Each structure stands twice: as structure tokens, then as C-alpha cells.
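The values are calculated or read from the model by the stated rules, or taken from the named source; none is laboratory data. No experiment lies behind these values; they were computed from the predicted model shown. Neighbour counts are summed over all protein chains in view; Cβ atoms, including those assigned to glycine, are modelled from backbone coordinates with ideal geometry.
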Amino acid sequence: MSSYEFTEWHVYETKFSPGEPLRGDLQAALVAHTVTDAHRTKGTRSKIKDYLLRFKRRTAAQDQGALHGALNIWKAVIDKQFGGKDNGD
């Protein structure tokens, strides 16, 4: 797998995968919701949505910038490691 393909997969995974931070957020929200609802007065209830963190969606320009930044870092590492020679992978 080339470094370009690896970076593209990484960006795809970052953008479209639920990922650990989001899952951890959901689990923590469920625990907080359950505990607070157990101690509320009768007849009142909260929503699990009240306990979720709000993540901002990244724009296409931000994703492209992240991809270019990752490729530049990768190129710098390869250049330092192999003296600027690329074997085509």
C-alpha cells in the first residue's frame, strides 16, 4: 500500500468512522443520563441528547488541508530516511 493510499484511508476513517471518542461520549452520556434520572423528582426526565458532546463537522477544505499536511510530513520523513529517493510505492 502506498503512503498516499494509506493517508486517504486514514482521512476516510477519520471522517466517516464513529471512532472511539464518539463511542466513549455516547457511553458516558448514557451513564450520566441513567444516574441523574435515578435521582430526579417523579414526573421529570432528561434526554440522553442533553449529555452528549457536540462535535463540529469538518469541511472538505479542512479535510483536504489535513491530507496535504499529512502528505508533507510523510514526504519529509521519507526524504530524511532515504535521501529524497522514492521507490515508487
Point to revise | Per-region count, region 21-72, residues closer than 21 Å to Glu5 by Cβ and over 19 Å from the mean Cα position of the chain (by Cα) | key: 1
**Study point:** Residue count for region 10-36, restricted to those that are loosely packed, with under 13 Cβ neighbours inside 10 Å and either modelled with pLDDT of 85 or more or not in a helix (DSSP H, G or I) (or both)
**Key:** 5
Review point. Given the conditions (1) closer than 27 Å to Ile73 by Cβ; (2) at pLDDT below 85, and given that Ser2 satisfies all but one, which numbered condition is not satisfied?
Key: (2)
